[in-house]
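The values are calculated or read from the model by the stated rules, or taken from the named source; none is laboratory data. None of these values were measured; they are calculated from a predicted model. Positions of Cβ are backbone-derived with ideal geometry, glycine not excepted, and every protein chain shown enters the neighbour counts.
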Amino acid sequence: MTHDLVIAGAGPAGLMTAQKASQHGLKVLLLERHQTLTDSLMGELVTQKALSLLNVPDTSECVVNRFKSIVGESLDTGSHIAVDRTLLGNSYLLDEDSCQELMRDRAVSNGAELKCQAKVDSVIKEGEQVVGVKYNGNQESRASLTVGADGSFSKVSSSAGFAHPRWLLSYGYRFKLEGCRIEDPHTAYFYVGRDVGLGYLWLYPRSESETNLGIGRVPSSRLSWERLPPMKDVLMKYMRKHEETKNARIANVNGGVVPCTGLIPSFTGAGVALCGNAAGQVSSIVGGGVTTCLHAGTLLAKHAKRMVEENDYSRESTLLYEKEYRKSRLARSIMNTGNGMYAVSKYAMLNDPVAAAETVLSQLDASTLNDVIQGRLKAGTILSLMTDFLPLVVRIGAGYVKSVAITGV
């Protein structure tokens, strides 16, 4: 084979796999469909775990802000709840361009090859074994192990035959604003509201004069999606109504799509492994995938090194990566939040999730909310929810059961 690994997609999962695999001495080819790395959207709000995986200090140019608290608020009523550092730990805002460029430079310095404007069309198979990819219509690259890190609509995944029986996607749209007047640049905000729909709007200050303003929305049904205003219009409305952003300038616009229902049933096969969004490695409640993807890329590179040393790329060999990932705490959090989001999406088909969110914001304590967001449903958390929110839980449960009965899902 020409390469040990060919990796489709240069997001955080693909870049980390390339960086770590090349660091292990493997021959790596990284294919990215965009013209530059920074054309793709990478998540921004992270904890200390992400910095540890990136191996950068909090003083790095990759880190543009450190938050002391995170506030959830209703755009319609003003109901809100704040989670401070005593519960959050350290929360940081990444500069996505700097992070992607850092991982690229590390990989290239280790000998990895990067090709931009290389759109992967399908995998190449010899019998049941994947042996590389076809890209840009008529070009091929062969490798002992093919990695699909090419996002929610992964061509590697679909052409290799991976199944997505419970696929639910969140669509994101983001402005990078300059010329703002941010009163408290060390507080991040999440907003819910009628215009937002099933999802949230976020405001992540970069400084007193810059902020990232975005929206993520999950379509619970075609009808509910069509009734909502376009996401760009919701962001523009927020800008015009708020003193901090009404005179700001849009310096950059970006968007992306992330899966919401947890890990897919299988993400490894003979000669092939999925990583990042393609494998569903995203914590759905907050759309967080940076830490989970960096962790997956690090783990996959370790197993790729083993495969090369053993000269074994069978399904049984690649499955060892999947098994180890699924046993991790991050994977358990992904599945917990994924199951929750799937239930919420079904509830929202016939019920009002915004009203439920209003109840949560006005009554739920910050500690319990933090446990729910992090996917840490401890016995105490469940007891608190059942005790204080039994009427809400009953309504959601009844609505969910009714939705499942009608949809047959």
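At-a-glance table
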{"item": "Single residue of the range 173-193 satisfying the filter (over 15 Å from VAL64 (Cα atoms) and within 24 Å of the chain's Cα centre (by Cα)) that is surrounded by the most Cβ atoms within 10 Å (Cβ to Cβ)", "result": "VAL192"}
{"item": "Residues of the range 47-64 satisfying the condition of being in a helix (DSSP H, G or I), in contact with a strand residue (DSSP E or B) (Cβ under 9 Å, 6 or more places away or on another chain) and touching a residue at least 60 places away in the same chain (Cβ under 8 Å)", "result": "ALA50, LEU54"}
{"item": "Helices (runs of 4 or more DSSP H) wholly inside the range 155-268 that include at least 3 residues being charged (D, E, K, R)", "result": "222-227, 231-241"}
{"item": "Filter result (under 22 Å from MET307 (Cβ atoms) and of a type in the set (A, V, I, L, M)) within the range 115-155", "result": "VAL120, VAL123, ILE124, VAL130, VAL131, VAL133, ALA143, LEU145, VAL147, ALA149"}
{"item": "Criterion violated by VAL83 - all others in (1) farther than 25 Å from VAL258 by Cβ; (2) surrounded by 18 or more Cβ atoms within 10 Å (Cβ to Cβ); (3) not assigned by TED's automatic domain parsing to the domain that holds GLU316 satisfied", "result": "(1)"}
{"item": "Test: VAL196 is under 16 Å from VAL71 (Cα atoms), surrounded by 23 or more Cβ atoms within 10 Å (Cβ to Cβ) and assigned by TED's automatic domain parsing to the domain that holds GLU73", "result": "no"}
{"item": "Selection count where residues are modelled with pLDDT of 80 or more and touching a helix residue (DSSP H, G or I) at 6+ places or on another chain (Cβ under 8 Å), scope the range 80-95", "result": "3"}
{"item": "Which listed residue is crowded, with 16+ Cβ neighbours inside 10 Å and either closer than 23 Å to PHE153 by Cα or modelled with pLDDT of 95 or more (or both), from LYS49, LYS20", "result": "LYS20"}
{"item": "Residue ID - nearest to the chain's Cα centre (by Cα), chosen from residues in the range 231-246 that are more than 14 Å from GLY193 (Cβ to Cβ) and surrounded by fewer than 12 Cβ atoms within 10 Å (Cβ to Cβ)", "result": "ARG240"}
{"item": "Candidate set from the range 269-303 (those that are part of a loop (DSSP other than H, G, I, E, B), of a type in the set (A, V, I, L, M) and out of contact with any Asp or Glu (no Cβ under 9 Å at 6 or more places or on another chain)); member that is modelled with the highest pLDDT", "result": "VAL282"}
{"item": "Residue that is farthest from GLU73 (Cα to Cα), among those in the range 194-205 that are under 18 Å from the mean Cα position of the chain (by Cα) and modelled with pLDDT of 90 or more", "result": "TYR204"}
{"item": "Residue check for GLY137: outside any strand (DSSP E or B) and either buried (at least 16 other Cβ atoms within 10 Å of the Cβ) or among the charged types (D, E, K, R) (or both)", "result": "no"}
{"item": "Contacts under 9 angstrom Cβ, first residue in the range 311-337 being within 30 Å of GLY127 (Cα to Cα), partner surrounded by 14 or more Cβ atoms within 10 Å (Cβ to Cβ) and among the aromatic types (Phe, Trp, Tyr), 6 or more apart", "result": "TYR321/PHE267; GLU322/PHE267; TYR325/PHE267"}
{"item": "Meets criteria (touching a Phe, Trp or Tyr at 6+ places or on another chain (Cβ under 6 Å), surrounded by 20 or more Cβ atoms within 10 Å (Cβ to Cβ), assigned to a strand (DSSP E or B) and assigned by TED's automatic domain parsing to the domain that holds GLY271) for LEU145", "result": "yes"}
{"item": "So GLY132, is it modelled with pLDDT under 95 and surrounded by 20 or more Cβ atoms within 10 Å (Cβ to Cβ)", "result": "no"}
{"item": "Total residues in the range 304-319, condition closer than 21 Å to ALA278 by Cα and not in a helix (DSSP H, G or I)", "result": "2"}
{"item": "Criterion: buried (at least 17 other Cβ atoms within 10 Å of the Cβ), assigned by TED's automatic domain parsing to the domain that holds SER152, part of a loop (DSSP other than H, G, I, E, B) and modelled with pLDDT of 95 or more - qualifying residue of LEU30, LEU15, LEU26", "result": "LEU26"}
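To keep it simple, each residue is scored yes or no on (1) in contact (Cβ under 8 Å) with a residue 60 or more places away in the chain; (2) surrounded by fewer than 24 Cβ atoms within 10 Å (Cβ to Cβ); (3) not assigned by TED's automatic domain parsing to the domain that holds GLU178.
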{"site": "ASN254", "(1), (2), (3)": "yes, yes, no"}
{"site": "GLY297", "(1), (2), (3)": "yes, no, yes"}
{"site": "LYS302", "(1), (2), (3)": "yes, yes, yes"}
{"site": "LYS305", "(1), (2), (3)": "yes, yes, yes"}
